[in-house]
């Protein structure tokens, strides 16, 4: 009997933590919002600011973990489409809560030619509504933000498909560029 009470208690606490972690981060940015300013280290340890990308379209994608199947597919798809994206005046930047050493190994292994920023505290991901915070564990949600050259959010892609996200962004950039 005591065993079942403990199991029920653990399940209840786990559900409560899950709900609070997801509710606390439901404040995802909306189209038209100004993108929050940040400065984070890239895979080489160089400080990168959102201000570094002013004057260009910025594809800011949040992802859960370096060198996992979905995150690798998404990063490699952006890598493979980079020529199309840069031709449309865009830069790609990935952000996760992994450290710079993990980012460096991931970027080297898959020849990723764009910055991967380390948000170990999860503060930037939280400001973008892209963090699952379980207290002892923080994971970035798989969200992408298309930010215009003036720093305004133009498109928000939530819980993206790792194989289709880059193409969705390309199609939207083409539409937005023709306006």
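Structural remarks
- Residue order, fewest to most surrounding Cβ atoms within 10 angstrom, among 177, 161, 166: 177, 161, 166
- Between residue 87 and residue 101, the distance separating the two model label sites (each 7 Å from Cα on the Cα→Cβ line) works out to 4.1 nm.
- Restricting the calculation to Cα atoms, the stretch 2-177 shows an Rg/Rh of 1.02 when the hydrodynamic-style radius is the Kirkwood one.
- Part-to-part distance (alpha-carbon centres) for the stretch 134-179 and the stretch 87-117, which is given in Å: 15
- At R0 = 22 Å, FRET efficiency that the Cβ-Cβ distance of residue 174 and residue 49 yields, to 0.05: 0.20
- Mean separation of Cα pairs under 8 Å and 6 or more residues apart, divided by the residue count, gives the stretch 60-110 a relative contact order of 54 percent.
- Distance between modelled label sites at residue 65 and residue 39, nm, 7 Å Cα→Cβ extension: 3.2
- Counting other Cβ atoms within 10 Å as a rough exposure proxy, the listed residues 59, 147 run 147, 59 from fewest neighbours to most.
- Burial ordering of 71, 76, fewest other beta-carbon atoms within 10 Å first: 76, 71
- For the stretch 103-152: rounded, prolate or oblate by the Cα gyration tensor [a/c cutoff 1.5]: oblate
- Remark: spin-label model distance residue 164-residue 109 equals 2.7 nm, labels positioned 7 Å along the Cα→Cβ axis.
Computed from the coordinates by the stated procedures, all read-outs in this text should not be read as laboratory data. Because the structure is a prediction, the values reported are computed rather than measured. Heads up, the Cβs are rebuilt from the backbone with ideal geometry, glycines too, and the neighbour counts pull from every protein chain shown.
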